[in-house]
Every structure is written in structure tokens, then in C-alpha cells.
Amino acid sequence: MAKKSILITGCSTGIGLDAALTLSARGYHVFASARNDSDLTRLTDKGLKAVYLDLADADSISQALNTVLAATDGRLDYLFNNGAYGQPGAIEDLPTSVLKEQFEVNVFGWHELTRQVLPIMRRQGHGRIIQNSSVLGFVCMPYRGAYNASKFALEGLSDTLRLELRDSNIDVCLIEPGPIDTAFRKNALTAFENNIDWQQSEHKARYQKQLERLRDPKPSSRFTLHAHAVTQVLIDALESKNPKARYSVTFPTKLFVWLKRILPTSWLDSILVKG
């Protein structure tokens, strides 16, 4: 029997890298994507099939998928949409062009890749699409508006897609991690420094606290888990006969699922504004 094939985006570090290595060791035919040459070389050195893919480039998405299909006789069993980044900054300080860049990677790139994968899965009669969302896909925290908006959009698209594929043999699942020990904060710091004129902002004092948090190499929360915690949930989403629509990872995510259900909005806001 041929190995089950999976394309994973965002494999340079963190969740994507752990998932690629774990699933490869588990017997999957893994295609691990990244966009920097150094990351692609490192993935290859780790024994993975590395594929160049830039989620902000539609041609790159098509070429990456063609590379995968050429190696699998035109089949793809699973897609794990994971590659993303967080753009910090208050809404009023966020240039619209920067918000568009956030959506280009976190939403539009995923949408384009998913659209190209669906005909393949329909033709072969099965498939499963796993979307790596976030606790910030269903609750908001201040100074994370661009990322919040992108993940809320992803959740809406994923829920709709799940309904539209109800009569097919293609499943759509969301994974909603909370704090995970990855390079996310490092990348967010770079995005903040490049795109937010924080020195001139009304939010300057709060930004200074945000910068301290982003620059601190220690985990941001005592509930922070290793990326492997997401991989374990991913395996369940891939291999379960009846996968869930949503998987919560980390205590904060599970807590906020419950709090959002029972608390008035004003009470929940008073908790979230401290985040």
C-alpha cells in the first residue's frame, strides 16, 4: 500500500517542522514546504522532501503542488495549512497595506492552495484538510488585530467549506492552539519593528510592554507547550475515522472556549484586555 501523502506549509521551524518530522517517522510521505533557501536545505538535511512554497505568490503555490503531484502519481491525501505569521500593532497604527500583507499569507495563500487541492481530492474520492488556526480565531486580544482578523477569517472560511463539502468524502478540521513554544514571537517582533511607527503612537506606553514580552526568550505563559502538542492533535485529526470540526490545544484555548460560552461580552472583554 502506498504511503499516505501530506503537504505541510510553514515547515521552517516550530509546529510545521515538528509535524513534518513526526509524520515522516510515522510512515507518511511528507512534503515539507518553506520559502527560504537555507530552510529548504535544512529540511533536506533532516531527510525530508523539501518544497519551495511562498504563500504570497500564487505561481509558487501552483509550482509547489505540481512538484508534489509529480512524486505521488497525482494524488494528495492530506493538506496541513500551517504557514502563517503574526503582525502586532494597534488597529489605528496598522497601515492598510500591512493588513493586506497579513491576509495575503494567512488567508489568501491558504485559500489559493486549498482551491487547487480540492479538485485533486474530489477526483481521487477522498481527502482531509487541516487548518492550523488559533485561540485568537475565536477571541480577540488588543494589539493583535491583524492576526485576530486573519484567523477569524480562516475560521469562517473553514466552517463554510466544511458545510459545502458535507456530501463529499473530504473533511475539514480546525486546530486552535494557544501558547506554543515556536519562533512566532521572534517573527512578530520583526514585523512590528518593520511596520509600526510605535514611537509616535498614542499606544506607546503599552507598546513598550509588548516589546518587552516579544524580546523575552522565555515562554510567554506558564501554559506554553512544545510544538509536539499540536502534532499529537494533528495525528488524531488525520487518522480518526470521524475527525472533529475543532481541536483545542493548551489550557488557555480550552478555558476561553468555556468562558466565551458563559460570560457576557463585557466580562470577557475585561479579561482579554489584560492579555
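Residue by residue, here is whether (1) farther than 22 Å from LEU255 by Cα; (2) surrounded by 17 or more Cβ atoms within 10 Å (Cβ to Cβ); (3) touching a residue at least 40 places away in the same chain (Cβ under 8 Å) holds:
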position	(1), (2), (3)
GLN131	no, yes, yes
ILE170	yes, yes, yes
CYS173	no, yes, yes
ALA188	yes, yes, yes
TRP198	yes, yes, yes
ALA205	yes, no, no
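Would you call SER12 within 17 Å of ILE129 (Cα to Cα) and of a type in the set (Gly, Ala, Ser)? Spelling it out, it is not the case that SER12 is within 17 Å of ILE129 (Cα to Cα) and of a type in the set (Gly, Ala, Ser). The residue pairs whose first member lies in region 210-231 and is in contact (Cβ under 8 Å) with a residue 60 or more places away in the chain, whose second member is charged (D, E, K, R), and whose beta carbons are closer than 7 Å, counting only pairs six or more residues apart or on different chains, are LEU214/ARG185; HIS226/ASP181; ALA227/ASP18; ALA227/ASP181; HIS228/ASP18; THR231/ASP18.
To keep it simple, each residue is scored yes or no on (1) crowded, with 18+ Cβ neighbours inside 10 Å; (2) without any contact (Cβ under 8 Å) to a residue 60 or more places away in the chain; (3) not in a strand (DSSP E or B).
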site	(1), (2), (3)
GLY27	no, yes, yes
ASP39	yes, yes, yes
THR44	no, yes, yes
ALA50	yes, yes, no
LEU55	yes, yes, yes
ASP59	no, yes, yes
PHE80	yes, no, no
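Residues in region 1-25 that are hydrophobic (A, V, I, L, M, F, W, C) and part of a strand (DSSP E or B) were compared, and the one that is surrounded by the fewest Cβ atoms within 10 Å (Cβ to Cβ) is ILE6.
Restricting to region 233-246, give me the number of residues that are surrounded by 17 or more Cβ atoms within 10 Å (Cβ to Cβ) and either out of contact with any Lys or Arg (no Cβ under 9 Å at 6 or more places or on another chain) or of a type in the set (Val, Ile, Thr) (or both).
Number of matching residues: 3.
Since every read-out is calculated from the coordinates, none of them should be taken as a lab result. It should be emphasised that the depicted structure is a prediction, and the values quoted were computed from it without experimental measurement. All Cβ positions, glycine included, derive from the backbone under ideal geometry; neighbour counts span all protein chains shown.
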